[in-house]
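*Asks:* First the structure, then my questions, so here it is.
The values are calculated or read from the model by the stated rules, or taken from the named source; none is laboratory data. In this text, all values refer to a predicted model and were calculated from it rather than measured experimentally. Cβ atoms come from the backbone with ideal geometry, glycine included; neighbour counts cover every protein chain shown.
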Amino acid sequence: MTIVPNEQNKSQALAQDKVQNSASKNTEAKSNPDGEPTKRNRQTVLCAKENPSDQAAESNLRPKALHEYIGQEKLKEWLTVSIKAAKARGEALDHVLFYGPPGLGKTTLARVIANEMGARIYTTSAPALERPRDILGLVHQLQQNDVLFIDEIHRLSRIAEELLYPALEDFVIDLNAGKGASTRTMRLPLPKFTLIGATTKAGSIANALRDRFGFICRLDFYAPNELGKIIARSAALMNLSLADSAIQLIAARARGTPRIANRLIRLVRDFAQYKGHTNLTAELAEEALNIYQVDQLGLDHTDRKLLEILIDQYGGGPVGLETLSATLGEDSATVEEVCEPFLIQQGFLQRTARGRVATPLAYKHLNRELAGTELSLFSYLNNEENTSD
C-alpha cells in the first residue's frame, strides 16, 4: 500500500495501491497454483503477519511521533540524535534498514521518522517493483528530504537493486536510451531523499545493498511491561475500559508482538460486547482468549498439538521434520517457518542434529510427567549439540 500525506497526491497513491495489490496476488498465485491460501501464510489469532482487519483497525492506533512510540528504547535514542542532527543541517536522514520479526513496528517507525523530519512518505513493497519503470516512476515523484519506504526489501529483483545503487549512493539514476550500437546512458539527478527498508530476512539482502544503509537496526520482541503500556494506550484510543489485570493477562499472551496484542484487544472487546459487558475484566479476557484457544503463555492450538505429538507419540523426540509435519498434517515449511520459531524462542522445543526434541518446559506446560529416561536423553542430545558447536 502506498501512502502519501498530501491531498493532491491521493490519485497517485491509489494508482500505486493497485500495482502493489496486483503484485501481491501474483505472488500468492505463484506460491500456490491451485489458488488456495498458502499454508506458510496461514492467518491465525497469533499470526504476526498483517491482515486486512489489522490494516483497518490499526490506522488510528499507530503513534505519530517518537515520544509516543513505546519500546525499542535504544533504537529510539539513536533515531532521536540522528533526526535532530539532520534537521539542524537541513539534510535528509541517512538511509535506514529495519529488520526483525513481523508485527514489531517497522512500518510504524518509518512513518514516525517521516513525521519527525517533516517530510512526505511514499510507501511500497518490493514485489511491486518488478520493472525498471516501476522504480523510475517511484523516484521521479520524490522531492528534497522525502522518505521512501520499501517493505519486504529482501524481495527486490536484481534489476531494481541495480537501479537503486546509484540512487542511494550518489542520488542519480542511470537510464539507457536506444538500442544496439546507438545505446546511450543518461544520468538523471535526484533530490536527496531517505530510503527506509524493512525486512524479516536481513540475511537475504545482497551485501551491496546492505552496505548502502547508514543505519541497520534490529527490532526486538517487547517485554510484558512494554506491551502493557501499548495495550493501555490502544484501549484508551478505542474508548475501552480495560482493567489493569486484563492488560497484564493480554500482554502475557501476545508473544511480545504489538500487532498480536492489538488483535487480542479487539477479540476481547468483541466477546465482551457479545456478553453484554462494558468493563473488560481479567476474568472476561481470560474466558475470551480461552475460546480462541490462546493459553497463558501465548501458545495456540497448533503449537500445543505439535508438542503433544512430539511428547505423546514420539516420547519427546528426537523426530525428523518430515515425520513431525506428516503427523501434524502440515507441510514441512509451515512447521519450520510458522510453528517452530516461537516454540524454540520460548524454550519449548530444540532442533538437534537428530531431529526435534521437546524440552522439560514443554512437559511442564502440557502437564506431562517427564520420565528419567526422557530427561537423560534430552540432556545427552543437548550436550552432544553443544559439543558439536
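*Asks:* Considering the stretch 120-141 alone, what residues qualify as being surrounded by fewer than 20 Cβ atoms within 10 Å (Cβ to Cβ) and not in a helix (DSSP H, G or I)?
*Replies:* Arg120, Glu130, Arg131, Gln141
*Asks:* Could you figure out which of (1) within 17 Å of the chain's Cα centre (by Cα); (2) more than 20 Å from Phe149 (Cβ to Cβ); (3) surrounded by 13 or more Cβ atoms within 10 Å (Cβ to Cβ) isn't true of Gly203?
*Replies:* Tallying (1) within 17 Å of the chain's Cα centre (by Cα); (2) more than 20 Å from Phe149 (Cβ to Cβ); (3) surrounded by 13 or more Cβ atoms within 10 Å (Cβ to Cβ), Gly203 fails exactly one: (3).
*Asks:* May I pose another question? Picking from Arg210, Arg218, Arg263, Arg255, which residue would you name as being under 30 Å from Ala167 (Cα atoms), surrounded by 17 or more Cβ atoms within 10 Å (Cβ to Cβ) and under 19 Å from the mean Cα position of the chain (by Cα)?
*Replies:* Details: Arg218 fails: surrounded by 17 or more Cβ atoms within 10 Å (Cβ to Cβ); Arg263 fails: under 30 Å from Ala167 (Cα atoms); Arg255 fails: under 30 Å from Ala167 (Cα atoms).
Of the residues listed, the single one that is under 30 Å from Ala167 (Cα atoms), surrounded by 17 or more Cβ atoms within 10 Å (Cβ to Cβ) and under 19 Å from the mean Cα position of the chain (by Cα) is Arg210.
*Asks:* Shifting gears a bit: So, Ala208, is that one at pLDDT 85 or above, in the same structural domain as Leu93 (by TED's automatic domain parsing) and farther than 24 Å from Glu77 by Cα or not?
*Replies:* On the way: at pLDDT 85 or above: yes; in the same structural domain as Leu93 (by TED's automatic domain parsing): yes; farther than 24 Å from Glu77 by Cα: yes.
Spelling it out, Ala208 is indeed at pLDDT 85 or above, in the same structural domain as Leu93 (by TED's automatic domain parsing) and farther than 24 Å from Glu77 by Cα.
*Asks:* Moving on to the next point. Among residues belonging to the stretch 283-303 that are over 22 Å from Pro102 (Cα atoms) and in contact with a Leu (Cβ under 7 Å, 6 or more places away or on another chain), point out the one that is surrounded by the fewest Cβ atoms within 10 Å (Cβ to Cβ).
*Replies:* Applying the first criterion (over 22 Å from Pro102 (Cα atoms)) to the stretch 283-303 yields 283-288, 290-291.
Going one step further and asking which of them are in contact with a Leu (Cβ under 7 Å, 6 or more places away or on another chain), we end up with 285-286, 288.
Details: Ala285: 26, Glu286: 18, Ala288: 22.
That would be Glu286.
*Asks:* If you take just the helices (runs of 4 or more DSSP H) that sit entirely in the stretch 242-353, which of them hold at least 3 residues that are closer than 25 Å to Leu61 by Cβ, touching a residue at least 24 places away in the same chain (Cβ under 8 Å) and aliphatic (A, V, I, L, M)?
*Replies:* Working: elements: 244-252, 258-275, 282-291, 301-308, 321-328, 340-345.
In the stretch 242-353, 244-252, 258-275, 282-291 are the helices (runs of 4 or more DSSP H) which contain 3 or more residues that are closer than 25 Å to Leu61 by Cβ, touching a residue at least 24 places away in the same chain (Cβ under 8 Å) and aliphatic (A, V, I, L, M).
*Asks:* Is it true that Asp151 is in contact with a Ser or Thr (Cβ under 9 Å, 6 or more places away or on another chain), modelled with pLDDT of 85 or more and surrounded by fewer than 19 Cβ atoms within 10 Å (Cβ to Cβ)? Reasoning before the result, please.
*Replies:* Working: in contact with a Ser or Thr (Cβ under 9 Å, 6 or more places away or on another chain): yes; modelled with pLDDT of 85 or more: yes; surrounded by fewer than 19 Cβ atoms within 10 Å (Cβ to Cβ): no.
Answer is no for this residue.
*Asks:* Something else now. On the given criteria, is Glu162 in a loop (DSSP other than H, G, I, E, B) and surrounded by fewer than 18 Cβ atoms within 10 Å (Cβ to Cβ)?
*Replies:* Details: in a loop (DSSP other than H, G, I, E, B): no; surrounded by fewer than 18 Cβ atoms within 10 Å (Cβ to Cβ): yes.
Answer is no for this residue.
*Asks:* If you check Ser234 against the conditions, is it of a type outside the set (A, V, I, L, M) and in contact with a Leu (Cβ under 6 Å, 6 or more places away or on another chain)?
*Replies:* yes
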